[in-house]
1. Please list, by residue number, everything in region 1-27 whose backbone N is under 19 Å from a paramagnetic label point 7 Å out along Cα→Cβ of SER97.
2. Counting helices only, and only those DSSP H runs with n ≥ 4, report the 222 nm mean residue ellipticity of the chain as the sum of -39,500 (n - 2.57) divided by its residues, in deg cm²/dmol to the nearest 500.
3. When the dipole is taken about the Cα centre of the chain, and only Lys, Arg (+1) and Asp, Glu (-1) are charged at their Cβ, what size is it in debye, to the nearest 20?
4. Return the Rg/Rh value of the chain, two decimal places, where both radii are evaluated on C-alpha atoms and Rh is the Kirkwood radius.
5. In percent, what relative contact order does the chain have, based on Cα pairs under 8 Å that are 6 or more apart in sequence?
6. Students often get this wrong, so check it: of LYS57/LYS132; LYS70/LYS136; LYS35/LYS132; LYS68/LYS136; LYS68/LYS144; LYS13/LYS57, which have C-alpha atoms separated by over 23 Å?
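Since every read-out is calculated from the coordinates, none of them should be taken as a lab result. Fair warning: this is a prediction, and the values are worked out from it, not measured in the lab. Glycine also receives a Cβ, built like all others from the backbone with ideal geometry; neighbour counts cover every protein chain displayed.
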Amino acid sequence: MKDITLHAAWTIKAPLQEVFNIMTDFEKWPQYFPKVAESIHIIPQGDNVLNIQAAVKSFGRSFPVTMKTKILPNRGFISDNESPQFGTSGHEELLLSECPEGTSIDYTYQVAIHKRWLRIVARPLIGWFSMKYWQKAVIDELRKRLER
């Protein structure tokens, strides 16, 4: 089984702390980013570690995802995610850093495809579509909320 690595970087014209506050406020993701998050239930595990049960939206469907997430104070988060219904698992990193224009977001998601039928179409579909959709559903919404 081959992994697909998705990667993109964006700049938000806003202070790092403001970007961090929104991107790590997972309970409000359905409000902030309704095109990707339908519902979220969080069980704190201590020391910035969260067990998240989410219903996420992708490819016109909603499906459950379990996320084991570690918040990196003032830097973003890393998360190991499982979606048995969709047939994927992965390691996600959203890392923030200050830049002259505001805040740089470096996003990487390494996805393992477990369903054979999905592997056939996964690279073009997940590789190209996912990052374009994530930019529109998350990054563009973040810009609307924070950029002045």
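1. Under cut-off, by backbone N: 6-21.
2. Values: 5 runs with 32 residues, N = 148.
Only helices count here, giving -5000 deg cm²/dmol.
3. With Lys and Arg at +1 and Asp and Glu at -1, about 660 debye.
4. Working: Rg = 14.9 Å, Rh = 15.7 Å.
Expressed as Rg/Rh, it is 0.95.
5. Here the relative contact order equals 30 percent.
6. Checking Cα-Cα distances, LYS70/LYS136; LYS68/LYS136; LYS68/LYS144; LYS13/LYS57 exceed 23 Å.
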